[in-house]
Amino acid sequence: MGVTGTRDQVGGAAQRLVARARAAAPDFPVCVGLGVSNAEQAAEGASFADGVIVARRSCAGCSTIPTPPGVSAVRELATELADGVRRTG
């Protein structure tokens with residue numbers, strides 16, 4: 001189950017949605033991806049969800065930068081976001 005959408009911050013609303021989703025489906029992991037586009041937002045989402053969704057931001061990197069440089073941009077973004085998620089561990 002996922003909670004997605006564009007936001008400037010992950011915020012308390014996402015945390016409440018994750019809690020409601022867990023209550024409705026306790027056997028399923030719940031991920032959050034409310035406009036996650038940097039390490040701080042990834043760390044915040046990972047602090048209360050089972051995973052962090054970053055599809056829109058990574059797709060934007062692919063579409064605006066020609067390949068192969070686009071691949072490097074997505075790799076850099078993925079590294080930054082993964083570092084943010086690891087901060088909660």
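In sequence order, the stretch 13-28 has phi-based couplings of 4, 5, 4, 5, 5, 4, 4, 5, 5, 5, 5, 6, 9, x, 8, 10 Hz under the Karplus curve 6.51 cos²θ - 1.76 cosθ + 1.60, θ = phi - 60°, and Gly or Pro positions carry x. In the complete set of protein chains, residue-level accessible area for F28 is approximately 130 Å², probe 1.4 angstrom.
Remark on V52: its backbone amide H falls under 5 Å from those of V32, a criterion applied only to residues 5 or more positions apart or on other chains, H modelled at 1.01 Å from N. The heavy atoms of S47 offer some 80 square angstrom of accessible surface to a 1.4 angstrom probe.
The values are calculated or read from the model by the stated rules, or taken from the named source; none is laboratory data. These numbers come from a predicted model, not from an experiment. For the accessible areas, the whole protein counts, side chains as well, though only heavy atoms, and no ligand, DNA or RNA atoms are used. Shrake-Rupley method; radii C 1.70, N 1.55, O 1.52, S 1.80 Å.
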